[in-house]
Amino acid sequence: AGFLVPHIVTAKDGEVTELDAEPRTVATPFGDRGGVVIEPWLTDQWYVDAATLAKPPMEAVRDGRIEIVPKTWEKTYFNWMENIQPWCVSRQLWWGHRIPAWYGPTKEFMDAAEAEDELTQSLTIKDNATFVSETRKAAIADAISYYGPKYTVIFDDVPVSKGTTHSETYVYRDEDVLDTWFSSALWPFATLGWPDGDDNTGSARAELVEAPGAAPANPAAQGPSTGSGRAGTGDGGSGDAQSLYARHYPNDLLISGFDILFFWCARMAMQGMHFNNGTPPWKRLYLHGLVRAADGQKMSKSKGNVVDPLLLIDQYGADALRFFMAAMESQGRDVKMDERRVEGYRNFATKLWNAARFCQSNGIAASTSIAAPVATSAVNKWIIGEVVETLAELDTAMAELRFDAAANTIYHFVWDQFCDWYIELVKGNFDDETKAVAGWVLDQILVMLHPFMPFVTEELWASMGDRAHDGKSWPLITAKWPEPSASVDPAAKREVEWLIALVGNLRTAKNELGIAPGAKLDAFLPEPSATTRGIIERNAAAIDRLARLTSIQFAPAPAGAAMQIGAGDANIIIPLEGVVDIAAEKTRLAKALEVSTKEAKSLEGRLNNPSFVEKAKPEAVEKARADHAAHAAEAERLAAALSRLG
């Protein structure tokens, strides 16, 4: 909407001269809801001296009392704080904290009105006396002190047409509310009952005469003008608020998006230090990245690439989406939305659920001990040691605010160590010791995983059995963080890792050579070390069940084609005569290797061409890199398979 500025013409001596002018469109703004023209209207506004408030937070970051993570954001923080402008905090909105300012006529205005012997009409700004206080109660006291005993002060929440008479004067509150970010910075104070011991929400009726029939223009914006309770308390008293405030403020860590570093974080620091005697509101400020579309673009309604988290939750569950966010968050880097990863973490939750149900079906229940149970078997000692190591890695990652590392640590422990190996190794041998250890490990998993997947872990925690203490069954969210009171057993760790290496390498070799996973094979190990011989003899049943080896004979292998499988210091030989067609398998592998090598070299040449990398679309370059990595890995796998055949 707008209009064009017309050309300007002049006439002289009968000749018309057209002046040079550019046509310009003057935009006329319209409200997006009412559709009416928005016209400028100058009003009086409240400002905050932000430059003064910014000094203590800047000093706190410089001297280390506030640590910004990642540290690279410090430069941006200082650039904004050092060049900060006065902050307009007045907003003309229906909802919010009312400006803590009250207006009444000045004494001079009242004296003039008394001399004229008539009621005064509405006041102009120059005729106002202003009372600014933290509380309504304090403002009332200021007004009474200002006017003295000559006048009865009547407080109202909205402006009134009359200002004073011979015996009374009206004082009303500013109708504006505070800026959103100003109110946001007040969040810890509003929720924890600040200031301690000061009932700033009382009605103070004993000290004022309420205006009859008064009602605020913005009822919802009335804020703390009415009511007698304290925010964050159960009984309206100051005792609970005092304990809450002392317990929770200041605290250790604020986690926020980098895009509101100035809007919220810096302002929380400014107001927190101002109202808390210079003490920073938190020790560390962690700034995470933004969630972007799958192609890396910022989500936008106009682009149509916005992902609705509620739809993802409906499809995959809140836990899967929450875990995805943690696993992809890497020290402030933006997160690319990947629905396949969310689906993968849903499968992870399902894996844990099935593992817990399997444990229940085998008589494994909730643990009764925080410390690790006594273990004698190698596999039980090993899994306890894995809990100890996982907990140490998890604690380190959380202390360093590496949420991606923390999530991946617990993910791999649950999926790889517990579900894929421990449960498989103890199948068919659920004695009392194994039941106690398995129940304890599952409890540690639920506690460690709870910050990342609170819903499924809470459900499993409750379903695994009763953990009643003092007559109450406590929920998982109140459980104590793991304290295994145990250490890693090197011998047990070496033994189980030997078994895992044997089974894993043999399964890989079978897959490479096209041998059925369930095919039983013979194996030979001439001159084993005493340690390896002991491991094999103690775990014969597990080797037969998991590796599908009929036996491992401590003798030289018969002549003929064979493959070699490494495990620890052992090089196990498995004959292939009669198992696979050696010649045909070599031919097949050689052809496949040739194709993969050719494709890998072709893609490598394309990626080494600067013209392609610079001019091609980013998604095309990314696909070429992914294809090259896949073909290179396949070529390596095929070459290893050929080498097995000799």
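None of the figures in this text is laboratory data; all of them are computed from the coordinates on show. Computed from a prediction, not measured in an experiment: that's the story for all the values here. Don't worry about glycine lacking a Cβ; one is built from the backbone with ideal geometry, like all the others, and counts go over all protein chains shown.
Before moving on, here are some points about what is shown:
- Radius of gyration, Dmax [segment 582-646; alpha carbons; angstrom]: 14.7, 47
- Two-decimal Rg to Rh for segment 535-633 - Kirkwood Rh, Cα set: 1.23
- Segment 255-316 - convex hull of the alpha-carbon atoms, volume per residue in Å³: 127 Å³
- Loop-located chymotrypsin sites (Phe, Trp or Tyr not before Pro) across segment 521-623 with a Cβ neighbour count of 14 or fewer within 10 Å are 554, with loop assigned by DSSP.
- With N counted as the residues of segment 559-608, its alpha-carbon radius of gyration over 2.2 N^0.38 Å works out to 1.69.
- A P(r) calculated from all alpha carbon pairs of segment 277-347, with 5 Å bins opening at zero, reads 4, 15, 21, 21, 16, 8, 6, 5, 3, 1, 0 percent.
- Principal axis dimensions, largest first and in whole angstrom, of segment 367-497 by Cα: 37, 37, 24
- For segment 435-575, the percent of C-alpha pairs falling in each 10 Å distance bin, counted from 0 to the bin holding the largest distance, reads 10, 30, 19, 20, 15, 5, 1.
- A simple rule links phi to the HN-Hα coupling: the Karplus curve 6.51 cos²θ - 1.76 cosθ + 1.60 with θ = phi - 60°, which for segment 286-293 gives 9, 10, 8, x, 9, 8, 10, 5 Hz, with x for Gly and Pro.
- Applying 0.36 nm per residue to the separation of residue 544 and residue 473 and subtracting their alpha-carbon distance, the gain on full extension is 21.3 nm.
- Taken over segment 511-558, the convex hull of the Cα atoms encloses 86 Å³ per residue.
- Amide H contacts of residue 539: none lie under 5 Å away among residues 5 or more positions distant or on a separate chain (H built 1.01 Å from N in the peptide plane; Pro and chain starts excluded).
- With 10 Å bins beginning at zero, the pair-distance distribution over Cα atoms of segment 273-399 amounts to 10, 24, 27, 22, 13, 3, 0 %.
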